[in-house]
Structures are given as structure tokens and as C-alpha cells.
Amino acid sequence: MNDRLYYTDAYCRSFSGVITRVDRLDGKTIVELDRTAFYPTSGGQPFDTGTLVARLFEGREEKIEVVDVLDEDHGAVMHVLGGDTPRSEGGELTVGVNVRGTIDWPRRFDHMQQHTGQHVLSAAVDRLFGVRTVSFHLGRDASTIDLARELSLDEIAAARNEANCIVWENRPVSVRYASAEEAAKLPLRKESQREGTLRLIDIDGFDLSACGGTHVERTGSIGVIATGAVERFKGGQRLEFFCGGRALDRFTSMQDTLVGAVRLLSVLPGELPGAIDRLLTEARDQQRTISALRQDLASYRAEELAAAAEPAAAGQLVLRIVDGDASTLRSLASAIVARPGFVVVLVSSGHPALVVAARSQDARISASDVVKTLIGAFGGRGGGKPELAQGGGLDGSPEAILDAARRALSR
């Protein structure tokens, strides 16, 4: 069992200790220390990273990266080391070696801001609306709480405002310990299922929760709590949030985006929603115009191609190479087979090739069978119905594909 320094001093950035165990896990060296300030992944909070400086043979020191920290079932904190295990003539990393540990403080403080901010936000939601936080996850870029039921946007805003008031009041955040029996008599926001001595995080006059994570000493150090995306999740709601430095980074990113959009559209910030709405309306109108023109063009080209069709037993064959995408090929083929007695195979001019096959209602050929045959010969994927089918990724020249289609239709 390690002496976990972060339990009593989350601001401890460096410490000294002694290696009590050396092992291997998934090809990496892992070490246990008699005492540590490195927090292992637990309770929704990620692990700390940092370095260990080991004093080896004849006072030689070696700096080793700590890339992960594990909390083993029997209570040991194991430090996963990066790179090769230090070795030198007459010295190596073994039990009894003294080390100096230093945690990555910006990473740790970020986690402390997010985790304490989560306590405040969850307590605000619970106090205002009686909605319980089911779980919490602290991610690399954003954090989330899963709520037992959905909140409206107005309710989320009210909880966020309440939480930030607690932040700006700079209330003390303290650590208390209590037995399970004592804790059962306390106003915990969420009942703990753990037995033995519980570690409690007390946000003065606002929240009391059992938690083993690292937290700031006063709520003011959270800085600010901002909320992000919301989504339905397992019958409740997942709410994204950002605290402190992450909230500032988020604001900066959104500000840069806003400034760029305002510059591109030559409008004031407050006019941006209206400008985007106008652009979307114009784009929809233009798309309808383009679709109508494309349909007209397909009709004209269909007239031309139908007039040059090849008579065959299967019907009037239109086998052509067309410069266009799948939508263009489908529109053109559909316009041709609107007439009776036609079978159409159109191949794109690019590589890999697209192919569209279609037939008139009175034709007996199956378009999907034609596409299947061509895919069997040239590879790719596709399918469809007897009246209309398409394939993509065909590895062959357009001329070779049309020749194979002609042979398939003449059987």
C-alpha cells in the first residue's frame, strides 16, 4: 500500500520516494513506490504524467518518463515507465533505489479545475432541479456529466449560472474523512457504496461528496464553468462542460471562428446568424435551379443518345462513356429509359470507373444482373434493382467495360 500524497495535498508537485517493486506489463517497466504524488486513473479522472529521477550506481541519476499510472486491485499505485529500463555497469532500476518524482503540473491543475468544477455543476443541477449525476468523465479536450433525466436549455443555463456564482464566491474546498456509518448521517449529494473510511470533498455550504480525486483549494481557482453540447444518453442526458483554462481555450477558438466568419461575410457579429440564414436560403434556391437545369440537360442528351441507340435483341441499346458523377449518370439513364424498349449502360470517364445500368419497363433485361457481371469482371462494389443499378470502383478502361456490357447483353 502506497502513501498517496495527493489525498492530503493535491498541490504537491514533487516528492521523494523509494522503489518497493519492479515488474513488467505489456512490454513496459512498472514500478511501485513507498509514497507517490502521481494520481492513477480513477473515478472518471485520468492519470498524472511526469518524471522520476532515479539515483543509480555511484550517484548517477537517470530521468525516466512516467507515461501512465495504474491503481491495482490490492491498493498499489503502479507507475508505467516510458523508454528502456535504466541500466548501467553495476547499477539498475531495482527495489530500494531512491527516486525523485515530479508530476506534470499543468496537466494536474487542469484535472483539478475540471473535477472540482464538476462537483459544483452537479451540485447546482441537483439543488435547482433534483436531478442526480449518474457518472462523470474527464476527457482530454472536454468533460461530461451524465444526468438521470433531460434538462431544458433554460434549466442548463440556470444551473450554469448558479455554479459560476459559487466559483466567484471563492468558497473553501476542504477534505474530510468519515467512517461509512458517520457518512450515512451526513448530507452527501450522492450516497456512497464504499465501506470503511471515506474521503469527503466539502465545498463550503454547497456540496459534500465522497471522492478520491484531486481538487483545488478554493472554488475561485476553477475560474469559470462553461457548458457545451448536450445529447440524450441512456434514458437521461449527457452534458459537456469546460472549466478554467479549457473554457478560455474554447472561448478563444470560438472567437477566432467568429472573427473569421465576420470578415468573410462582411457583417457585424450580431448580423452573423441572419447572414448565414440568407446564405443557406440562397444555396437551397441555387441547388433547386441546378437540379432543374441538370434535368433539362439530361432530357436533351437523352434525346440525342436515344436517337443513336443500337438495335439488339435485348432492345435499343445505349452504351456510352459519360463525363459525370453517379448522379449525372443516373439522371441521364433514367431519362432515356422513360421511353419504351431501351437498355442503357453508362460508364464514367474517370478511374476507377462508375457504371449505371437501366432498362425501360417493357425490357426483359435485369440492370442489376448487368452491373453484377461487370463487377465480377472488373471488381468494385454495387447493386440495385432490375430497373436501375449502379456500381463503383471498377478497375478497367471505360471502353473495356462497355465491351463487356455489350457481350453480356447479347447473350
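Is at least one residue of segment 285-294 surrounded by 14 or more Cβ atoms within 10 Å (Cβ to Cβ) and at pLDDT below 90? Show your work before the answer.
Step one: of segment 285-294, the residues surrounded by 14 or more Cβ atoms within 10 Å (Cβ to Cβ) are 294.
Then keep just the ones that are at pLDDT below 90; that gives 294.
Yes, because at least one residue in segment 285-294 is surrounded by 14 or more Cβ atoms within 10 Å (Cβ to Cβ) and at pLDDT below 90.
Test Ala335 against the criterion of being more than 41 Å from the chain's Cα centre (by Cα) and crowded, with 18+ Cβ neighbours inside 10 Å, and give yes or no.
Values: more than 41 Å from the chain's Cα centre (by Cα): yes; crowded, with 18+ Cβ neighbours inside 10 Å: yes.
Yes: the conditions hold for Ala335.
Go through the residues of segment 34-52 one by one and say whether even a single one is closer than 20 Å to Leu138 by Cβ, among the basic types (Lys, Arg) and not assigned by TED's automatic domain parsing to the domain that holds Ile201.
no
For residues that are within 39 Å of the chain's Cα centre (by Cα) and of a type in the set (S, T, N, Q), tally how many sit in segment 370-397.
Result for segment 370-397: 1.
Here is a check on your reading of the model: is Ala400 more than 41 Å from the chain's Cα centre (by Cα) and in the same structural domain as Val347 (by TED's automatic domain parsing)? Please lay out each step first, then the result.
Numbers: more than 41 Å from the chain's Cα centre (by Cα): yes; in the same structural domain as Val347 (by TED's automatic domain parsing): yes.
So Ala400 fits the description; yes.
So Glu162 passes all but one of these: (1) under 21 Å from Glu231 (Cβ atoms); (2) touching a Leu at 6+ places or on another chain (Cβ under 8 Å). Which condition number does it fail?
(1)
Confirm whether Leu208 is surrounded by 20 or more Cβ atoms within 10 Å (Cβ to Cβ), of a type outside the set (Val, Ile, Thr) and more than 19 Å from Phe109 (Cα to Cα). Step through it out loud before you land on a result.
Details: surrounded by 20 or more Cβ atoms within 10 Å (Cβ to Cβ): yes; of a type outside the set (Val, Ile, Thr): yes; more than 19 Å from Phe109 (Cα to Cα): yes.
Against the criterion (surrounded by 20 or more Cβ atoms within 10 Å (Cβ to Cβ), of a type outside the set (Val, Ile, Thr) and more than 19 Å from Phe109 (Cα to Cα)), Leu208 qualifies.
With the checklist (1) in contact (Cβ under 8 Å) with a residue 24 or more places away in the chain; (2) aliphatic (A, V, I, L, M); (3) surrounded by 11 or more Cβ atoms within 10 Å (Cβ to Cβ) in hand, flag the one item Ala313 doesn't pass.
The single condition Ala313 does not satisfy is (3).
Where the second residue is surrounded by 10 or more Cβ atoms within 10 Å (Cβ to Cβ) and of a type in the set (A, V, I, L, M) and the first is in a loop (DSSP other than H, G, I, E, B) and lies in segment 250-272, which pairs have Cβ atoms under 6 Å and are six or more apart or on separate chains?
The qualifying pairs are Val267/Ala275.
With charged (D, E, K, R), closer than 25 Å to Cys165 by Cα and crowded, with 19+ Cβ neighbours inside 10 Å as the only criterion, which of Arg218, Arg238, Arg246 stands out? Break it down stepwise before answering.
Numbers: Arg218 fails: crowded, with 19+ Cβ neighbours inside 10 Å; Arg238 fails: crowded, with 19+ Cβ neighbours inside 10 Å.
Among Arg218, Arg238, Arg246, only Arg246 is charged (D, E, K, R), closer than 25 Å to Cys165 by Cα and crowded, with 19+ Cβ neighbours inside 10 Å.
Just give me the residues in segment 161-185 being modelled with pLDDT under 95, under 18 Å from Arg132 (Cβ atoms) and surrounded by 14 or more Cβ atoms within 10 Å (Cβ to Cβ), in sequence order.
Ala183
I'd like to check something: does segment 120-138 contain any residue that is among the basic types (Lys, Arg), out of contact with any Ser or Thr (no Cβ under 7 Å at 6 or more places or on another chain) and not in a loop (DSSP other than H, G, I, E, B)? Talk me through it step by step, then tell me what you get.
As a first pass, look at segment 120-138 and keep what is among the basic types (Lys, Arg): 127, 132.
Checking the rest, the ones that are also out of contact with any Ser or Thr (no Cβ under 7 Å at 6 or more places or on another chain) come to 127, 132.
Keeping just the survivors that are not in a loop (DSSP other than H, G, I, E, B) gives 127.
Within segment 120-138, one or more residues are among the basic types (Lys, Arg), out of contact with any Ser or Thr (no Cβ under 7 Å at 6 or more places or on another chain) and not in a loop (DSSP other than H, G, I, E, B).
For segment 21-34, what are the residues that are free of Cβ contacts under 8 Å to residues at least 60 places away in the same chain, out of contact with any Lys or Arg (no Cβ under 8 Å at 6 or more places or on another chain) and not in a loop (DSSP other than H, G, I, E, B)?
To start, the set of residues in segment 21-34 that are free of Cβ contacts under 8 Å to residues at least 60 places away in the same chain comprises 23-28, 30, 32, 34.
Restricting the remaining residues to those that are out of contact with any Lys or Arg (no Cβ under 8 Å at 6 or more places or on another chain) gives 23-28, 34.
Hits for segment 21-34 are Asp23, Arg24, Leu25, Lys28.
The values are calculated or read from the model by the stated rules, or taken from the named source; none is laboratory data. Fair warning: this is a prediction, and the values are worked out from it, not measured in the lab. Positions of Cβ are backbone-derived with ideal geometry, glycine not excepted, and every protein chain shown enters the neighbour counts.
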